[in-house]
Amino acid sequence: MKSPSAWSVPPTDASLPVAIEVLRRGPISRAAVARRLKLSPGSLSRLSAPLLEGGLLREVGEHNDGRVGRPTRLLDVDIDAKHFVGMKLRENEIIAARTNLRGEIQNHRTLAITDRSPEVVVGQIAGLAADLGEGLQIDGIGLGIGGLIRDRQYVVDAKFLGWTELPLAKLVGAATGIPTLVDNDLVAFTEYEHWFGEGREDDRFAVVTLGVGTGFGLVANGAIVTGKDYGIGLVGHWPLDPAGPVCYAGHRGCATSVLNSDSIARHVSAALGRTVGYEEALDLAEAGDPAARRVADDGGRGLGRLLAAICNLTLPERIIIAGEGVRLASVAEDAVREGLALDRDPRASTPPIVLGTKDNVDWCRGAAVLAIQAFVHGKLPAVAAAGS
């Protein structure tokens, strides 16, 4: 199955920003599009006319801005005309979802990984894509992996799967016949928040993820900040507590030892003399258990100090906290505020802090956005034939 490499009626380089603006924010008025793109009404009409004639954009509903005269028609995209699959690969499972052109989930599946060999996992990915397709044409696949990725094609290092220098995107593309991209799962999640999520109105925002690891994503000047070291997990060793516990690398009081879910569970278990999991540790903290409360508050204070560092260094307009361990931010809310205050000038304002869900299915939306972005820019990779 061959997927088109551009929109059904390809926009020109000049009109592409108009199409993307409507996709990201529609339904939206012409005046709002013109204002956001700094276009005159005449220029917007000239650029949008062929998109409307070709069916890429359409008029929907009406908008009245309070001025005298007829209401204006809103612009939107037929978001259900195209379909994408996004997947998050974890140590023991694949979480997959089919989305529309705006990254909205239409269906999802979860499949256990019992054999981590690439050929077996690629076969599972292909099976999930076919299952989720349900007879529809899938225009692109995006894969999110917690590891070091190159060129959205190669898994350089994914320790939890035992993979190195694996051309995963090419292998999946050949197995499915669908253009495929792969990237670090936090990059993918941040891209989703940038295009369609909580950060879509912000020129500069940060994402912090909590769970088995601590992650940090940044959008600045309207673009995600990445580099060749992205995926190593550098923020995991950011110092938070000079008297804190020691992590596996010998760093005292870093984010790994203070914030990671397995660290919190381990510290509470040691204090109680029995094994507890992360969620139970937070349950105990909420119930007032002294040991669990102390560990949770230490974690919350550390999270606050991490947020303070992010605010001081990057001046974000918004911070989004997400991941499986996001509940810590609410259980230890007072301690988070205390940690923020420790390292911030009292005159400084705190940006809005948004708590996301801990549902891993939401991460599939980020993976799908990798393919959506490439699709709308006409840059989906070519698909090699199986065995080539």
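On a per residue basis, the convex hull of the C-alpha atoms belonging to region 270-388 measures out at 183 Å³.
Relative intensity of region 143-257 on a log10 scale, I(q)/I(0) at q = 0.12, 0.13, 0.16, 0.18 Å⁻¹, equals -0.51, -0.58, -0.83, -0.98, per a Debye sum over C-alpha point scatterers of equal strength in the absence of solvent.
Sorting the segments 169-180, 153-164, 41-52 by their residues' average number of neighbouring beta-carbon atoms within 10 angstrom, most packed first, yields 169-180, 153-164, 41-52. Please enumerate, by chain and number, the aspartates and glutamates with C-alpha under 20 Å from the C-alpha of residue 228, excluding those fewer than 8 residues away in the same chain. Within the straight-line cut-off, residue 228 pairs with 151, 157, 165, 183, 185, 191. Close amide H contacts of residue 149 (hydrogens built in the peptide plane, cut-off under 5 Å, sequence separation of 5 or more or a different chain): 156, 184. Across the chain, the mean sequence separation of Cα contacts (distance under 8 Å, 6 or more residues apart), normalised by length, yields a relative contact order of 18 percent. Once the Cα atoms are used to define both axes, helix 278-287 deviates from the longest principal axis of the chain by about 70 degrees. Axis angle, to the nearest 10 degrees, between helix 261-272 and the longest C-alpha principal axis of the chain: 20 degrees.
The simple Förster model, with R0 at 30 Å and r as the Cβ-Cβ distance, assigns residue 81 and residue 229 a FRET efficiency of 0.20.
Keeping the other protein chains in place, figure out the carbon and sulfur percent of the accessible area of region 44-183, with a 1.4 Å probe.
That fraction is 48 percent.
Grab the beta carbon distance between residue 120 and residue 280, set R0 = 22 Å, and tell me the FRET efficiency rounded to 0.05. List each step's numbers first, then the result.
Numbers: r = 33 Å, r/R0 = 1.51.
According to the calculation, E is roughly 0.10.
Between residue 130 and residue 59, what FRET efficiency follows from the Cβ-Cβ distance if R0 is 51 Å, with the result rounded to 0.05? Working from the Cβ atoms, E equals 0.90.
By how many degrees, 0 to 90 and rounded to 10, does the Cα axis of helix 361-376 deviate from the longest principal axis of the chain? The two axes meet at around 40 degrees.
Rolling a 1.4 Å sphere over the protein heavy atoms, what is the accessible area per residue of region 250-388, to the nearest Å²?
About 43 Å² of surface per residue is accessible.
Overall form of the chain: oblate. Here a/c, set by the Cα gyration tensor axes a ≥ b ≥ c, is 1.5 or more, and a/b is not larger than b/c. Carbon-plus-sulfur accessible fraction, region 281-321 (probe radius 1.4 Å, protein heavy atoms only): 50%. GNM on the chain, C-alpha springs below 10 Å: top fluctuator among 219, 258, 354? Looking only at 219, 258, 354, the biggest GNM fluctuation is shown by 354. Taken along the Cα-to-beta-carbon direction at a fixed 7 Å, the label points for residue 355 and residue 221 span 3.5 nm.
The values are calculated or read from the model by the stated rules, or taken from the named source; none is laboratory data. Note that the structure is predicted; figures quoted are calculated from it, not measured. Counting neighbours? That spans all protein chains shown, and the Cβs are built from the backbone with ideal geometry, glycine included. Accessible surface areas use protein heavy atoms only, side chains included; no ligands, DNA or RNA. Shrake-Rupley method; radii C 1.70, N 1.55, O 1.52, S 1.80 Å.
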